[in-house]
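J.: Please find one structure pasted underneath; my questions will follow.
The values are calculated or read from the model by the stated rules, or taken from the named source; none is laboratory data. Everything quoted here is computed from the prediction, not taken from an experiment. Cβ placement follows ideal geometry from the backbone for every residue including glycine, while neighbour counts extend to all protein chains displayed.
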Amino acid sequence: MKTRVLTGITTSGIPHLGNYAGALRPAIRASQQADVDAFFFMADYHALIKCDDAERVAYSRLAIAATWLAAGLDPERVTFYRQSDIPEIPELNWVLNCVSGKGLLNRAHAYKAAVDQNELKGTDPDDGISMGLFCYPVLMAADILLFNAQQVPVGRDQVQHIEMTRDMAQRFNHLYAPERDIFVLPEVLLDDDVAILPGLDGRKMSKSYDNTIPLFEGGSAALKAAIARIVTDSRAPGQAKEAEGSHLFMLYQAFSSAEQSAQLRDDLQQGLAWGEAKQRLYELLESLLAPMRERYFELLARPERIEDILQAGADKARAHAIPLMQQVRAAVGLRGARQTKVVEQTVQKSKKAKFIQFRESDGKFHFRLIDGDNVELFLSVGFDNPKEAGALIKALQGADFAQYLVTDAEQVHIVWEERHVANVSVEQEGSLRHALESFQGE
């Protein structure tokens with residue numbers, strides 16, 4: 001049994017070395033495990049919340065896709081797609097908005113932080129806060145629940161959003177699916193061992209601090225130039241240097257073997273110059289990144305190849321999304337007109353369904369179930385003996401008819417003595433049950 005794990009990355013920038021070490025590398029390694037069903041998506045709707053530069057978003061979508069692929073993500077093994085290519089995501093987002101309390105969203109950390117900043121400035125609490133920011137947790141919940149992800153890798157600052165996703169799923173299941181949950185409650189996958197790289201100045205590597213080391217952009221020259229700007233202490237060549245506490249050493253350690261790290265530690269203690277240590281870091285990173293960088297720029301030069309991969313991924317993703325949204329629509333009452341009419345008339349007029357048994361030219365005995373409006377719900381397979389068909393009809397007219405109904409993501413199957421007899425679509429399940437219930441009390 002595989003565990004479905006879902007990971008998303010917002011398309012509002014270009015990945016740097018810290019993103020690779022902290023997110024891309026561990027996620028790709030996890031996706032290669034035999035017991036993991038990995039879903040990776042680019043959260044381009046989320047990008048619109050904090051970026052209104054259309055060209056930046058467009059290029060980021062392309063660059064991030066190329067980065068994942070260049071770093072080793074296998075699109076044949078995983079489901080890799082853009083959020084905006086899955087129309088069921090915004091549809092589910094709206095349904096979840098309708099079951100999510102404003103009080104729940106008021107407690108979201110990002111929204112509260114924005115309100116606190118406004119209050120400190122003495123402005124209106126909601127000044128500059130979009131509905132996108134306010135409803136961000138609902139869209140994140142839709143991303144997760146549409147695919148019934150069982151685990152979601154997040155940092156500690158995102159744990160609250162998973163908890164809110166669980167709240168929304170539980171409320172929907174309680175309101176609309178009390179007998180058979182539609183949504184799985186996701187679990188947080190928190191890895192405290194994920195590398196958090198220091199930036200050039202020793203603080204956490206972040207675009208916000210302008211202290212990042214480029215992953216692929218700018219080539220080897222940009223990588224070398226960034227490493228040269230790493231801040232070190234003033235100890236001269238020949239003076240002993242402590243590896244512990246040195247962010248240059250921490251960067252080296254994140255990508256080197258235990259033996260390489262031990263060697264650099266010893267050499268620093270023996271007085272290795274910081275410039276020499278930076279050269280070693282550059283050579284280490286260049287040996288790792290050069291092959292990936294070459295693949296990255298090859299992909300950027302062929303955007304149609306990236307598009308083909310993403311569209312194939314969207315098709316794989318929608319194969320899961322479409323049947324689940326059919327269940328959601330049916331659960332909340334967004335059913336076909338015929339089914340709605342059947343439900344209403346069954347309730348209002350108590351019309352009874354009927355079974356019609358007959359023999360085909362091949363000698364087999366079949367039966368149809370016709371609802372109260374004279375609409376055929378299903379036609380059975382053939383039976384060699386009319387008594388077998390009659391026994392199943394009698395069983396379906398009984399109070400325990402539900403034991404013969406087996407439901408999966410797309411269909412409701414009628415099963416008799418381990419034999420598949422007939423089926424209806426999930427959208428027709430309500431009509432089928434009302435028809436069978438009409439026989440009670442006869």
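J.: Which of the numbered conditions does Ser261 fail, given that it passes all the others? Conditions: (1) small (Gly, Ala, Ser); (2) touching a residue at least 24 places away in the same chain (Cβ under 8 Å); (3) touching a helix residue (DSSP H, G or I) at 6+ places or on another chain (Cβ under 8 Å); (4) assigned to a helix (DSSP H, G or I).
T.: (2)
J.: Also: Please determine, by comparing only the residues of segment 35-52 that are of a type in the set (D, E, K, R) and part of a helix (DSSP H, G or I), which one is modelled with the highest pLDDT. Break it down into steps so the answer makes sense when it comes.
T.: To start, the set of residues in segment 35-52 that are of a type in the set (D, E, K, R) comprises 35, 37, 44, 50, 52.
Now drop any that are not part of a helix (DSSP H, G or I), which leaves 44, 50.
Working: Asp44: 95, Lys50: 88.
Among those residues, the one meeting the criterion is Asp44.
J.: On to the next question. Looking at segment 389-400 only, could you name the residues that are assigned to a helix (DSSP H, G or I) and hydrophobic (A, V, I, L, M, F, W, C)?
T.: Initially, segment 389-400 is screened for residues assigned to a helix (DSSP H, G or I), giving 389-396.
Matches in segment 389-400: Ala389, Ala391, Leu392, Ile393, Ala395, Leu396.
J.: Also, quick follow-up: Do we find a residue being out of contact with any strand residue (DSSP E or B) (no Cβ under 8 Å at 6 or more places or on another chain), in the same structural domain as Leu48 (by TED's automatic domain parsing) and at positive phi anywhere in segment 69-87?
T.: yes
J.: Could I ask something else about it? Would you be able to tell me the number of residues in segment 59-104 that are free of Cβ contacts under 8 Å to residues at least 60 places away in the same chain and assigned to a helix (DSSP H, G or I)?
T.: Qualifying residue count for the region: 12.
J.: Tell me, yes or no, whether segment 214-224 has at least one residue that is within 27 Å of Ala331 (Cα to Cα), aliphatic (A, V, I, L, M) and touching a Leu at 6+ places or on another chain (Cβ under 7 Å).
T.: Checking segment 214-224: not a single residue is within 27 Å of Ala331 (Cα to Cα), aliphatic (A, V, I, L, M) and touching a Leu at 6+ places or on another chain (Cβ under 7 Å).
Residue-wise test of (1) farther than 28 Å from Ala331 by Cβ; (2) of a type in the set (A, V, I, L, M); (3) modelled with pLDDT of 90 or more.
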| residue | (1), (2), (3) |
| --- | --- |
| Gln348 | no, no, no |
| Leu379 | no, yes, yes |
| Phe401 | no, no, no |
| Ala409 | no, yes, no |
| His413 | no, no, yes |
| Asn423 | no, no, yes |
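J.: Further question: Can you name the condition, by its number, that Leu200 falls short on among (1) buried (at least 17 other Cβ atoms within 10 Å of the Cβ); (2) assigned to a helix (DSSP H, G or I); (3) of a type in the set (A, V, I, L, M)?
T.: Just one mismatch for Leu200, condition (2).
Residue-wise test of (1) at pLDDT below 95; (2) surrounded by fewer than 17 Cβ atoms within 10 Å (Cβ to Cβ).
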| site | (1), (2) |
| --- | --- |
| Ile306 | no, no |
| Ile309 | no, no |
| Ala319 | no, yes |
| Leu324 | no, no |
| Ala330 | yes, no |
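J.: Any idea how many residues of segment 364-388 are of a type in the set (Lys, Arg) and either within 16 Å of Asn423 (Cβ to Cβ) or in a loop (DSSP other than H, G, I, E, B) (or both)? Give the steps one after another, and end with the answer.
T.: Our first condition is that a residue be of a type in the set (Lys, Arg); within segment 364-388, this holds for 364, 368, 387.
Among the residues that remain, those that are also either within 16 Å of Asn423 (Cβ to Cβ) or in a loop (DSSP other than H, G, I, E, B) (or both) are: 364, 368.
Counting residues in segment 364-388 that are of a type in the set (Lys, Arg) and either within 16 Å of Asn423 (Cβ to Cβ) or in a loop (DSSP other than H, G, I, E, B) (or both) gives 2.
J.: Applying the selection to segment 142-180, what residues are of a type in the set (Gly, Ala, Ser) and either touching a residue at least 60 places away in the same chain (Cβ under 8 Å) or within 18 Å of Leu104 (Cβ to Cβ) (or both)?
T.: Step one: filter segment 142-180 for residues of a type in the set (Gly, Ala, Ser), giving 142, 149, 155, 169, 177.
Of everything in segment 142-180, those that are of a type in the set (Gly, Ala, Ser) and either touching a residue at least 60 places away in the same chain (Cβ under 8 Å) or within 18 Å of Leu104 (Cβ to Cβ) (or both) turn out to be Ala142, Ala149, Ala169, Ala177.
J.: Counting only residues that are among the charged types (D, E, K, R) and in a loop (DSSP other than H, G, I, E, B), how many does segment 1-34 have?
T.: At the first step, the residues of segment 1-34 found to be among the charged types (D, E, K, R) are 2, 4, 25, 29.
Then keep just the ones that are in a loop (DSSP other than H, G, I, E, B); that gives 2.
Going through segment 1-34 one residue at a time, the tally reaches 1.
J.: Under 6 Å between Cβ atoms, which residue pairs at least 6 apart in sequence (or on different chains) link something in segment 27-41 that is farther than 17 Å from Ala70 by Cβ with a partner that is among the basic types (Lys, Arg) and modelled with pLDDT of 95 or more?
T.: Asp37/Arg4
J.: While we're here: Looking at Tyr252, is it under 15 Å from Glu286 (Cβ atoms) and among the hydroxyl-bearing types (Ser, Thr, Tyr)? Before the answer, list the steps.
T.: Working: under 15 Å from Glu286 (Cβ atoms): yes; among the hydroxyl-bearing types (Ser, Thr, Tyr): yes.
Yes; evaluated as a whole, the condition is true for this residue.
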